[in-house]
Amino acid sequence: MVKRVTLAVTIVFAAAVLHANDWPQWQGPDRTRMSKETGLLKEWPTGGPSVVWTADNLGTGYGSMSVAGDRVFVQGARGQSSFVIALNRADGKEVWSTALGPIETRMRTNMGAGPRGTPTVDGDRLYVLTENGDLACLKTADGSAVWQLNILKDFGGSQLQWMISESPLIDGPHVVVSPGGPGAGIVKLDKMTGKTVWTSKELSDTAGYSSITVADVQGVRTYMTFTARAGVGVRASDGKLMFSYTKAANNVANIATPVFLDDKVFFTSGYGAGGALLALSAKGGEVAATEVYHTPNMRNHHGGVVVVDGYLYGFSDLILTCLEFATGNVMWRDRSVGKGSVTYADGHLYIQSENNMVGLAEASSTGYREKGRFAIPEKGQMSWAHPVISDGRLYVRNQDTLLAYDIKPAR
């Protein structure tokens, strides 16, 4: 099943020196949308923070960025190929680019071509999944291929209406993705070789647009994600389906990555479905899920949600909403800069609207208090790439352009 790529006998293992504040994968170090950085600007000047550098010609796409060591990694469609591109973190100059496979030529969507996922950095290797199902392991130093396969062809999955949008999960010695094939809703592979470790035999759901998150639930390691029909949890050791919850899913597009905290998981989607908190308990090596509440007050379309100090923040349809995580009670609602994504750092929410506006607001359950906003360049499509915070910089991607902003106070 694996397309093996022969490497030269002598390989230079030039893993970049990691920074404490790296953002090496989708939604950050822990897949929680939370940065641990401090000492950032508490308010933005008129017009926004200063631009450190701008990188153009990245190719079309909606994927976010990963930042690790001295590199920034991003995906984009150039011509008829889906690429992953490495930029110099210091100045945004392109270091290398690698074509991974053809773009989706059937164009099932009017939302534009190009990758939707985020590369995952793991030491000196980079794991990338394209919009057309090509999963590759590359060397971070030069983009050379270690192994590559196609999850749709190899596991019987089907292309989605708006194309594959998942970002690969690295869990110890494994890489985990969602082909959505028969008996292979989720698969675990050896990250060094690409060989199959297991497929989820009891899970045959078509994939959603979500990315997998991992948690230890009372001693049982568990993978959780949205499929096309449900929020699910499978056992990490063997892929056994342990729970499936349909009330927070819709029949159109389930996108947001689940949020896990204190043996509870929150699933949310748009198109009227809403959100739900499930209590998880382990017994006999399996995890059961019990509904704590279901709420119509968090119908998150695609921007994701973040939990800070017991409160959940995210857009419910068009309105930025703060819920008490434990109860689902609404604390406040505000239109903010417009429907989009939410990321947290240093007491603040970083909000990127799909209509080309970026905002800063206090992460407070007592009300919405905005501390600045600025516009980003219009690219003719929705600005759906989620922002990244790393080492005092805010990275904002809109289609083929990536801007790095200085969000540290003046020295």
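The values are calculated or read from the model by the stated rules, or taken from the named source; none is laboratory data. Keep in mind the model is a prediction, meaning the values are calculated, not measured. We place every Cβ from the backbone using ideal geometry, glycine too, and count neighbours over all the protein chains shown.
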query: Inside segment 268-307, can you point out the residues that are in contact with a Leu (Cβ under 8 Å, 6 or more places away or on another chain) and hydrophobic (A, V, I, L, M, F, W, C)?
result: Val287, Ala288, Ala289, Val292, Met298, Val305, Val306, Val307
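Scan segment 217-273 residue by residue and report those that are on the phi > 0 side of the Ramachandran plot and surrounded by fewer than 22 Cβ atoms within 10 Å (Cβ to Cβ). If you could, list the steps in order and put the result at the bottom.
Here is the first cut: in segment 217-273, the ones on the phi > 0 side of the Ramachandran plot are 218-219, 239, 262-263, 271-272.
Of everything in segment 217-273, those that are on the phi > 0 side of the Ramachandran plot and surrounded by fewer than 22 Cβ atoms within 10 Å (Cβ to Cβ) turn out to be Gln218, Gly219, Asp262, Asp263, Tyr271, Gly272.
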query: Looking at Met192, Met111, which one is at pLDDT 95 or above, on the phi < 0 side of the Ramachandran plot and assigned to a loop (DSSP other than H, G, I, E, B)?
result: Met192
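Can you tell me which of Gly372, Gly314, Gly359 is more than 21 Å from the chain's Cα centre (by Cα), part of a strand (DSSP E or B) and at pLDDT 95 or above? Please lay out each step first, then the result.
Details: Gly314 fails: more than 21 Å from the chain's Cα centre (by Cα); Gly359 fails: more than 21 Å from the chain's Cα centre (by Cα).
The conditions single out Gly372.
This table checks each residue for (1) farther than 22 Å from Asp142 by Cβ; (2) surrounded by 19 or more Cβ atoms within 10 Å (Cβ to Cβ); (3) modelled with pLDDT under 95; (4) of a type in the set (D, E, K, R).
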residue	(1), (2), (3), (4)
Val67	no, yes, no, no
Val74	no, yes, no, no
Gln80	yes, no, yes, no
Phe83	no, yes, no, no
Asn88	no, no, no, no
Lys93	no, no, no, yes
Pro119	no, yes, no, no
message: Please go through segment 388-398 and give me each residue that is part of a loop (DSSP other than H, G, I, E, B) and either over 19 Å from Thr120 (Cα atoms) or at pLDDT below 95 (or both), ordered by number.
response: Gly392
- prompt: Would it be correct to say that Thr222 is of a type outside the set (Lys, Arg), part of a strand (DSSP E or B) and modelled with pLDDT of 95 or more?
  reply: yes
- line: Taking segment 23-66 and the residues there that are assigned to a loop (DSSP other than H, G, I, E, B) and of a type in the set (A, V, I, L, M, F, W, C), the one that is nearest to Ile170 (Cα to Cα) would be Trp26
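Suppose we filter segment 201-219 for residues that are touching a residue at least 12 places away in the same chain (Cβ under 8 Å) and either assigned to a strand (DSSP E or B) or in contact with a Phe, Trp or Tyr (Cβ under 9 Å, 6 or more places away or on another chain) (or both); how many remain?
Within segment 201-219, residues that are touching a residue at least 12 places away in the same chain (Cβ under 8 Å) and either assigned to a strand (DSSP E or B) or in contact with a Phe, Trp or Tyr (Cβ under 9 Å, 6 or more places away or on another chain) (or both) number 10.
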